[in-house]
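Since the structure comes first, as structure tokens, the remarks are kept for the end.
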Amino acid sequence: MKRRPLIAGNWKMYKTVPETLAYIETFKPLVAGVEDRDIMLAPPFTSLDAAERALEGSNIALGAQNCHYADEGAFTGEISPRMLADIGVTYVILGHSERRHLFGESNELIRKKVESVLRYELIPILCIGETLEEREAGKTLSVLESQLKEGLAGFSAEDLKNLVIAYEPVWAIGTGKTATPEQAQEAHAFCRKILAEMFGEDFSERTRILYGGSVKPENVVGLMARPDIDGALVGGASLKPDSFAKIVNFGRME
Ligand code: PEP
């Protein structure tokens, strides 16, 4: 099945509001007219509202990098899915490896966040991936299986109809080391098999699985050529409009 590619940029903790607006002004014309793939930008929370206004009417969707699971409450420093929905966010990245490893997020907490995001009809991008230690110990597939099974426990295929998965090997994030297209394809095919076991073949065939980990204009074409790689979640190379636009336009500009 042909799945519509999604190229998503995760800015992490980079860019002020003026920097966000300058980026969007440069980026929009570089991807104008792109209709055969989805594009998403996830700026930091402080830039979301300004970005939403600047992106209005464009082909670029807005994403958030995280959220709390509650609608509101005494959770100092947190942002709720209700707040994100209110300002026009479409996607929410959940369980990014930096959240898992630097902020101690568990599969159970991430599952609660998935549930909260779905309540507001936001699209979860659930990130999974093994560390270098886990890969070297031969545990890659079992780590992916438990992240999927625990992060998506208790949902139906209907609940998760817009779900996006991002396979991001931790050893490839921000390190300049990309998984080879073969390594990524193997992990993606395995995730698709687990999704089929959990939610059925149709669901698994429809669900987009993005690759993330040092994606650049130079390696995106090789990755996207693999049958189970449906897009990219891009960190560092999404911070410059020209490099992110080259990734978005993969296969179109050569
Ligand atoms: C990410 O932050 O999700 C990511 C993949 O980062 P980078 O592209 O910089 O490796």
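Just so it is clear, none of the values below were taken in a lab; they were calculated from the coordinates. Owing to the predicted nature of the structure, the values given are computational and were not obtained by experimental measurement. Because the Cβ atoms are built from the backbone with ideal geometry, glycine has one as well, and the counts that use them run over all protein chains shown.
Within the range 241-253, can you find the residues that are away from the ligand (no atom under 11 Å from the Cβ) and either in a helix (DSSP H, G or I) or in contact with a helix residue (DSSP H, G or I) (Cβ under 8 Å, 6 or more places away or on another chain) (or both)?
First, pick out the residues of the range 241-253 that are away from the ligand (no atom under 11 Å from the Cβ): 241-242, 245-246, 248-253.
The answer is Pro241, Asp242, Ala245, Lys246, Val248, Asn249, Phe250, Gly251, Met253.
Would you be able to tell me the number of residues in the range 164-177 that are crowded, with 18+ Cβ neighbours inside 10 Å and outside any helix (DSSP H, G or I)? Write out each step before concluding.
Looking only at the range 164-177, we keep the residues that are crowded, with 18+ Cβ neighbours inside 10 Å, and these are 164-173.
This time we only want the ones that are outside any helix (DSSP H, G or I), so: 164-169, 173.
Final tally of qualifying residues: 7.
Which ones in the range 21-48 are of a type in the set (Ser, Thr, Tyr) and within 18 Å of Val92 (Cβ to Cβ)?
Here is the first cut: in the range 21-48, the residues of a type in the set (Ser, Thr, Tyr) are 23, 26, 46-47.
Of everything in the range 21-48, those that are of a type in the set (Ser, Thr, Tyr) and within 18 Å of Val92 (Cβ to Cβ) turn out to be Thr46, Ser47.
Residues to consider are Gly77, Gly73, Gly88; find the one that is at positive phi and in contact with a helix residue (DSSP H, G or I) (Cβ under 8 Å, 6 or more places away or on another chain).
Details: Gly77 fails: in contact with a helix residue (DSSP H, G or I) (Cβ under 8 Å, 6 or more places away or on another chain); Gly73 fails: in contact with a helix residue (DSSP H, G or I) (Cβ under 8 Å, 6 or more places away or on another chain).
Within the list Gly77, Gly73, Gly88, the selection yields Gly88.
With (1) within 16 Å of the ligand (Cβ to nearest atom); (2) closer than 18 Å to Thr140 by Cβ; (3) without any contact (Cβ under 8 Å) to a residue 12 or more places away in the chain as the list, and Thr175 as the residue in question, which single condition is left unmet?
Going through the list (1) within 16 Å of the ligand (Cβ to nearest atom); (2) closer than 18 Å to Thr140 by Cβ; (3) without any contact (Cβ under 8 Å) to a residue 12 or more places away in the chain, Thr175 breaks only (3).
Within the group Ser116, Ser142, which residue is more than 12 Å from the ligand (Cβ to nearest atom) and either more than 25 Å from Ser156 (Cα to Cα) or touching a helix residue (DSSP H, G or I) at 6+ places or on another chain (Cβ under 7 Å) (or both)? Explain how you work it out, then say what you get.
On the way: Ser142 fails: either more than 25 Å from Ser156 (Cα to Cα) or touching a helix residue (DSSP H, G or I) at 6+ places or on another chain (Cβ under 7 Å) (or both).
Among Ser116, Ser142, only Ser116 is more than 12 Å from the ligand (Cβ to nearest atom) and either more than 25 Å from Ser156 (Cα to Cα) or touching a helix residue (DSSP H, G or I) at 6+ places or on another chain (Cβ under 7 Å) (or both).
With the condition kept exactly as written, say whether any residue in the range 178-201 is in a strand (DSSP E or B), under 15 Å from the mean Cα position of the chain (by Cα) and within 16 Å of the ligand (Cβ to nearest atom). So that I can check it myself, show each step before the final result.
Here is the first cut: in the range 178-201, the ones in a strand (DSSP E or B) are none.
Checked the range 178-201: no residue is in a strand (DSSP E or B), under 15 Å from the mean Cα position of the chain (by Cα) and within 16 Å of the ligand (Cβ to nearest atom).
Failed condition for Trp11, given (1) touching a strand residue (DSSP E or B) at 6+ places or on another chain (Cβ under 7 Å); (2) closer than 23 Å to Leu163 by Cα; (3) away from the ligand (no atom under 16 Å from the Cβ), with all others met?
Evaluating Trp11 over (1) touching a strand residue (DSSP E or B) at 6+ places or on another chain (Cβ under 7 Å); (2) closer than 23 Å to Leu163 by Cα; (3) away from the ligand (no atom under 16 Å from the Cβ) leaves (3) as the failure.
Looking only at the range 202-220, count how many residues are loosely packed, with under 15 Cβ neighbours inside 10 Å and away from the ligand (no atom under 16 Å from the Cβ).
Step one: filter the range 202-220 for residues loosely packed, with under 15 Cβ neighbours inside 10 Å, giving 202, 205, 218.
From what is left, the residues that are away from the ligand (no atom under 16 Å from the Cβ) are 202, 205.
Looking only at that region, the number is 2.
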